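To keep things clear, I will list the structure first and then write my remarks on it.
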Amino acid sequence: MNKIAMMLRIKLNGEALNNEESIGNVIIPRQIELMDGTVRQALSGEMLKHFHTKNLRLLADDEELCDTCKIFSPMKNGDVKENNKKYSASGNRTKQCIVDDIEGFMNAEKSKNEKRTSCIKFSWAIATCDNDYTETLLSRVDPTEKNNKKKSETKDENNKSDQMIFYRPIRSNEYAITIQVDLDRIGYDDEKLIYTLPENEIKSRQIKCLKALKNMFIDMEGAMCSTRLPHIMDIEGVIVKKTDKNQVLSKYSALNSDYKEVNSAISDDSIIFNNMREFSKVMNEILPTE
């Protein structure tokens with residue numbers, strides 16, 4: 001058994017990484033209501049999972065990817081090149097592609113359904129404090145035919161093109177996140193209960209999974225990053241490891257101020273990091289040895 005849980009807090013300034021909807025000319029950022037009724041700024045687990053998948057694909061070798069993952073398609077329905085009868089249908093996909101293996105998939109067809117539960121799980125990233133967002137006012141020239149015609153028909157030098165006014169959100173928060181990585185399931189056929197890869201290839205995938213996890217927080221990306229690339233201020237947290245079935249994989253949320261102390265107290269093996277430099281060092285130290 002080889003699993004880790006990570007409870008962390010990351011501080012971001014000036015970000016617009018995850019947005020929920022547009023109402024008229026106003027973009028509304030992602031938010032979540034807590035059990036006490038307060039509404040906090042948030043990044044969805046789906047968005048965080050997308051960050052990790054993108055970084056994992058960048059680390060993967062070309063031969064480790066199926067056709068759909070090579071082009072970063074959300075669909076996991078590329079043809080399996082070699083079907084080994086020793087493995088299940090999902091096991092063959094697991095063997096063929098590192099992204100399908102680690103991130104999981106759901107491939108529904110009339111004749112068969114292929115499913116794999118992800119080896120890495122993300123909570124929502126929830127702001128640790130009640131903090132509203134701000135809006136920035138932007139405008140651009142109306143590109144419609146009506147406006148172009150109006151401009152061409154008049155000779156008035158003072159004529160001005162119609163402007164399109166819209167509002168974009170921007171946030172500065174400290175976010176709490178919980179992540180679980182089932183390293184022992186990487187390369188594993190859940191239906192046949194056997195591994196589909198040799199040990200050295202499994203360890204290579206485990207290393208890339210954890211490197212992608214480190215990279216997604218050191219090099220954060222998301223919505224509107226062309227003009228709202230977030231300022232990454234700092235990161236802190238605790239990593240809990242479980243290598244024996246009798247050990248506890250505690251996941252006491254980083255929304256609690258005492259999360260480091262509690263997770264360390266109730267787990268058998270934990271590591272605390274207090275800043276970006278320590279986070280990078282700890283992530284390198286927990287990598288499996290090839």
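The values are calculated or read from the model by the stated rules, or taken from the named source; none is laboratory data. Remember, predicted model here, so these are calculated numbers, not experimental data. Counting neighbours? That spans all protein chains shown, and the Cβs are built from the backbone with ideal geometry, glycine included. The accessibility values were calculated without ligands, DNA or RNA, using every heavy atom of the protein model including side chains. Shrake-Rupley method; radii C 1.70, N 1.55, O 1.52, S 1.80 Å.
Would you kindly find the accessible area of I194, with a 1.4 Å probe and non-protein molecules such as ligands, DNA and RNA excluded, rounding to the nearest 10 Å²?
I194 has an accessible surface of roughly 60 Å² with all protein chains in place.
At K54 and E20, where each label point lies 7 Å from the Cα along Cα→Cβ, what is the point-to-point distance in nanometres?
Computed distance between label sites K54 and E20 equals 2.2 nm.
What do you get for trypsin sites (Lys or Arg not before Pro) in the stretch 225-290 restricted to DSSP loop and a cutoff of at most 11 other Cβ within 10 Å of the site's Cβ?
K245
Is there a quick way to get the dipole size of the stretch 13-72? I mean about its Cα centre, with the Cβ of Lys and Arg at +1 and of Asp and Glu at -1; what is the value in debye to the nearest 20?
180
How would you rank 84-93, 48-57, highest first, on the average number of other Cβ atoms within 10 Å across their residues?
With the highest mean Cβ count within 10 Å placed first, the list reads 48-57, 84-93.
Quick check: pseudo-label points 7 Å beyond the Cα along Cα→Cβ at S253 and I28, how many nm apart are they?
With each label placed 7 Å out from Cα toward Cβ, I get 2.2 nm.
Taking 20 Å as the cut-off for C-alpha to C-alpha distance, list the pairs among K3/K203; K54/K242; K121/K214; K211/K281; K211/K260 that go past it.
From the list (K3/K203; K54/K242; K121/K214; K211/K281; K211/K260), the Cα-Cα distance tops 20 Å for K54/K242; K211/K260.
For D234 and N284, compute 0.36 nm times the residue count separating them, minus their Cα-Cα distance, and round to one decimal in nm.
Here the segment from D234 to N284 would lengthen by 16.2 nm.
Report the calculated FRET efficiency for I71 and D244 (r = Cβ-Cβ distance, R0 = 41 Å), to the nearest 0.05.
The computed FRET efficiency comes out at 0.50.
Once phi is turned into θ = phi - 60°, what whole-Hz ³J(HN,Hα) does the Karplus curve with 6.51, -1.76 and 1.60 give for every residue of the stretch 54-63, x standing for Gly and Pro?
In residue order, the calculated couplings are 4, 5, 5, 4, 5, 7, 6, 6, 4, 6 Hz.
When a/c is below 1.5 the answer is rounded, else prolate if a/b is larger than b/c, else oblate, so apply that to the stretch 165-214 with a ≥ b ≥ c taken from the square roots of the Cα gyration tensor eigenvalues.
In terms of gyration-tensor shape, prolate.
Filter the GluC sites (Glu not before Pro) in the stretch 1-86 down to the DSSP loop ones having no more than 12 other Cβ atoms within 10 Å, then list what survives.
Passing both the DSSP loop test and the Cβ count: E82.
Calculate, in nm to one decimal, what D184 and M35 gain on full extension: separation in residues at 0.36 nm each, minus their alpha carbon distance.
50.3 nm is the gain from fully extending D184 to M35.
If you stretched the chain out fully between I218 and N2, how much longer would it get, using 0.36 nm times the residue separation minus the C-alpha to C-alpha distance?
75.3 nm
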